[in-house]
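Visitor: Quick one: this structure, given as structure tokens, is what I'll be asking you about.
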Amino acid sequence: MNRAFLTPRQEAILRFLTRFHNEHGRPPTRQELCAAFGFRSPNAAQCHLQALAEKGLIAIDRGRARGIRLLVAAEAVLDAERGRTASPAAGGAANSLDDAGLPVIGKVAAGAPILATPHIEAYHPIAPTAFRPRADYLLRVVGDSMIHAGILPGDLVAVRQTPEAPSGAIVVARIDDEVTVKRLVRRNSETIELYPENPAYAPIRIDPTRHHFALEGVVVGLVRPSLS
């Protein structure tokens, strides 16, 4: 994708729309879009949707809460994610969307959505489909708490954005205003622990009465900049 054609925020929203449609079989509401990107009002979400509509990627059905329809380029991305063969015209659009690579997320500001535009340092040329499942972004690792899982300081972990993950998965989690990469362990329906892969660090036990906890995504791969 030519980034002069779509801004980083517009590209992130288009990816969110295609992924949401793929996972739920329907488009998100404006409120769900606000929650995902930290917009303060549905009007802010509507402005970005209108920009995508003007660029021929979506259609907006007025008066409907879920009145967002993906057009040719976005539908081609859905076809690629589902493993179907897209038409030649649509296939070109799908390839152009992946050509932008993946956004590289650096330091995440307290309380801000992880894909907020100020967090995007650059775009890495690796295709989202190089990972299974498809990755949504790369997060730069700080610290050595996961070295025994092969994740070193400065590595870029490929992340699939999702609020759910099985016990044992390596995840990106938000605890209050801090984002961390750890292994998720669920002891039961109420007990969540985050384990480092380095004995120098202690596990983090989540107390829901004291901390706000949210899963930002699951690690689906890794890019080592010195070898990429």
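Any read-out appearing in this document is the output of simple, stated calculations on the displayed coordinates, not a laboratory observation. Model, not experiment: these values are computed from the prediction. Cβ: placed from backbone, ideal geometry, glycine included. Neighbour counts: every protein chain shown.
Visitor: At q = 0.14 Å⁻¹, what is the log10 ratio I(q)/I(0) for the range 102-223, with the Debye formula run over Cα points and no solvent?
Guide: These q points yield log10 I(q)/I(0) values of -0.56.
Visitor: Same structure, new question: Counting other Cβ atoms within 10 Å, which GluC sites (Glu not before Pro) in the range 119-228 have at most 14 and lie in a DSSP loop? Before the final figure, lay out the partial values.
Guide: Values: sites: Glu121, Glu164, Glu178, Glu190, Glu193, Glu197, Glu216; in loops: Glu164, Glu190, Glu197.
Passing sites in the range 119-228 are Glu164, Glu190.
Visitor: Count charges around His211 for me, please; just the other residues with Cβ under 13 Å from its Cβ, Lys/Arg as +1, Asp/Glu as -1.
Guide: Values: positive: Arg174, Arg205, Arg210; negative: Asp176, Asp177, Glu178, Glu193, Asp207.
After counting each charged neighbour, the total is -2.
Visitor: Positive end of the charge dipole of the range 102-223 (Lys, Arg +1 and Asp, Glu -1 on Cβ, about the Cα centre): tell me which of Ala130, Gly106, Val157 has its Cα farthest that way.
Guide: In the range 102-223, that residue is Ala130.
Visitor: For Gln50 and Glu164, FRET efficiency with R0 = 30 Å and r from the beta-carbon atoms, rounded to 0.05? Each step should come with its number before you reach the end.
Guide: On the way: r = 31 Å, r/R0 = 1.03.
Computed FRET efficiency for Glu164 and Gln50 comes out at 0.45.
Visitor: Based on the Cβ-Cβ distance of Ala35 and Ala130, what FRET efficiency does E = 1/(1 + (r/R0)^6) give at R0 = 30 Å, to the nearest 0.05?
Guide: On the way: r = 28 Å, r/R0 = 0.95.
Efficiency computed from Cβ-Cβ geometry: 0.60.
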